[in-house]
Every structure is written in structure tokens, then in C-alpha cells.
1. Give, rounded to the nearest 20 debye, the magnitude of the charge dipole that the range 194-255 has about its Cα centre when Lys and Arg contribute +1 at Cβ and Asp and Glu contribute -1 at Cβ.
2. I need the Kirkwood Rh of the range 194-255: take the reciprocal of the average 1/r across all distinct C-alpha pairs and report it in angstrom.
3. Considering only M268, A224, I256, whose Cα is most displaced toward the positive end of the charge dipole of the range 222-273, charges sitting on Cβ of Lys, Arg (+1) and Asp, Glu (-1)?
4. With θ set to phi - 60° and the Karplus curve 6.51 cos²θ - 1.76 cosθ + 1.60, what are the ³J(HN,Hα) couplings of the range 134-142 in order, to the nearest whole Hz, using x for Gly and Pro?
5. So what are the ³J(HN,Hα) numbers for the range 145-151, from phi and the Karplus equation (6.51, -1.76, 1.60; θ = phi - 60°), rounded to whole Hz, Gly and Pro as x?
6. What is the distance, in nm, between label points placed 7 Å from the Cα along the Cα-to-Cβ direction at K225 and at D189?
7. Heavy atoms only, probe 1.4 Å: what % of the accessible area of the range 194-255 goes to carbon and sulfur, would you let me know?
8. Can you list the GluC sites (Glu not before Pro) in the range 150-255 that are in a DSSP coil and have 16 or fewer other beta carbons within 10 angstrom?
Amino acid sequence: MGRKRCVGADCSKMAAGCCGVKKQKLSGSPGSGGPGGVGAGSNVGGSSGSGSSGGTNALSPAPAGYTTSGLSPNLSPGPGSGSGGRKMVVSAEMCCFCFDVLYCHLYGYQPPRTPRFTNDPYPLFVTWKIGRDKRLRGCIGTFSAMNLHSGLREYTLTSALKDSRFPPMTRDELPRLFCSVSLLTNFEDVGDYLDWEVGVHGIRIEFFNEKGSKRTATYLPEVAKEQGWDHIQTIDSLLRKGGYKAPITNDFRKTIKLTRYHSEKMTMGYAEYIAHRQHHHYQNGIGHPVPSYNHYS
């Protein structure tokens, strides 16, 4: 997988892993050395690779899109999505499209035709989880503002097949999958590494490692809250995720360049995907039957 360009006027395109794998006990004291080992997420697709960030400025306001009205109770908009009554851009159809793309690939069918939702450009992530406990199965995205039709096609397969933390996805796993689409907005550079809110902001950090190389790492807004981390624990986990191996001091944390952002997120399970296609007549031009839903194993 090639490197993808992050948002910014003069930064190189870069793909990035977003999520933690499991909870860790991390020190919360400002002067501590942080977690003793590798952070909760492994490096994915250059998420911790070198490269200049450029000036990550706030994106233009999101265009009008879909609302959550009429969704199944099992379809889950992410925290903060569509807050204040603003129309959401992310939609259930985007999750359906990701399932369609993956299904067609795994069964060797022609890719689905162009979807009907907006093709406006956004930075995006596609996350796959599996089973009753919704274990992480793949999460890769880009800070480049990509047109949604091609971006979701690309990162559906990249996150399902090329996340280095996991083996490529198989047909047998389809009935147990959950797909989340996250569209990233409102990027802001902040001067203080603590100037962000757990559960509200995603964060992307840039820092120089022990050898003087620039490294980056990111977590989507939900990760810190799901892991039960505070600001310091999240920052330290990201540093470890980015490959920083030296003791983490408060003075070093102050050297971090931090960008915070918001995310619109929609999550759909395989059962909801099947129901949505059948009962809402959702169609992306697939000329073959989708297998019936099986209960989770």
C-alpha cells in the first residue's frame, strides 16, 4: 500500500491506522514514563512514518448530507455526529457500500457500481470489528481529502486485507463483521498537547524520535474513551504507537505538535447490512444474491 497524503497544503499523502487493539494499564501521572511497552495500536500503513505534515488547517464546513432519521436502532452514529441538529454527511449507505465492496472482492464478483451518496472529498477511515465483543479486525484511513466513492472503495479493502496487525479477511468472517465509516472534519493545530477533549476530538501527533526522525500517529475520537484513557495515557500510547522507545517525560510531551479533529461516524453490522438492502431496497448495481445472515458464532 502506498503512502497517502495528510490534510495540508504541502504534506505527503499518508495512510494511517487509527485504533487500539486492547486495553492497557498506563500510568496517568504527568511525569511518568508512560506505558512500558508498545502502545495499543501497531503501526499501520505508514501511520508512524516520516514526512512533513505541512499546515493542517481547519477544513471547510461539511456540505449538507444525510440525517440519522429513519435508521434502524442498531445503526450507530458516532458520538457527536450531527450534533446541534446539523445534517450528517456520513450515512448508512456508505457502510452498505463498504460491505458490498468487500463481499464482491471476497466472492470474485464485479465491483459494485457507483453509489448514490455524495462524492464530496473528505479524509476518511474504514474500521472493521468482529464478533459479539466487537474485536478490532482492521482500521486504516487517510488524512487526504479523497472523493468518497473512490476513497471508500480503496480503504474498505485496505483495512480488510492489508492491516499488518491482522491476516487478510475471509468469507467465513463476513456474517460476524461490523463496519464503521468515519469522515474527519474541523482540523485544528493547537499549541498545548492537552488542548483536546476525550471522546470528542481525534488527535494526530507529530514528534521526533530518539534518532531525530519525524514520526506521526493518530487515534480517532472514540479510541481514548473506549480504552478508558485520560489525556496523558492517550498521548503516551500514541508515542509508543509511533515507535518512540525512550522514557516519556513531561518536557518531551511539550515538544509534540498536536492536531485535533472531529469525526462523523456510522456503524453497521452484517445483519443490518442485509436488512437494509432487503427492506430498504438498497442497491449498488450488484447482480448476484447476498448470502443470508447467520447468527454470530
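The values are calculated or read from the model by the stated rules, or taken from the named source; none is laboratory data. It should be emphasised that the depicted structure is a prediction, and the values quoted were computed from it without experimental measurement. Here the Cβ positions follow ideal geometry from the backbone for every residue, glycine too, while neighbour counts run over all protein chains shown. Note: areas computed on protein heavy atoms with side chains; ligands, DNA, RNA excluded. Shrake-Rupley method; radii C 1.70, N 1.55, O 1.52, S 1.80 Å.
1. With Lys and Arg at +1 and Asp and Glu at -1, about 380 debye.
2. Numbers: mean 1/r = 0.0842 Å⁻¹.
For the range 194-255, the Kirkwood estimate is 11.9 Å.
3. I256
4. Result, rounded to whole Hz: 6, 6, 4, 10, x, 7, 9, x, 9.
5. Values per residue, Gly and Pro as x: 7, 9, 4, 5, 4, 6, x Hz.
6. In this crude spin-label approximation the distance works out to 2.8 nm.
7. 51 percent
8. Values: sites: E154, E173, E188, E197, E206, E210, E222, E226; in loops: E197, E210.
Answer in residue order: E197, E210.
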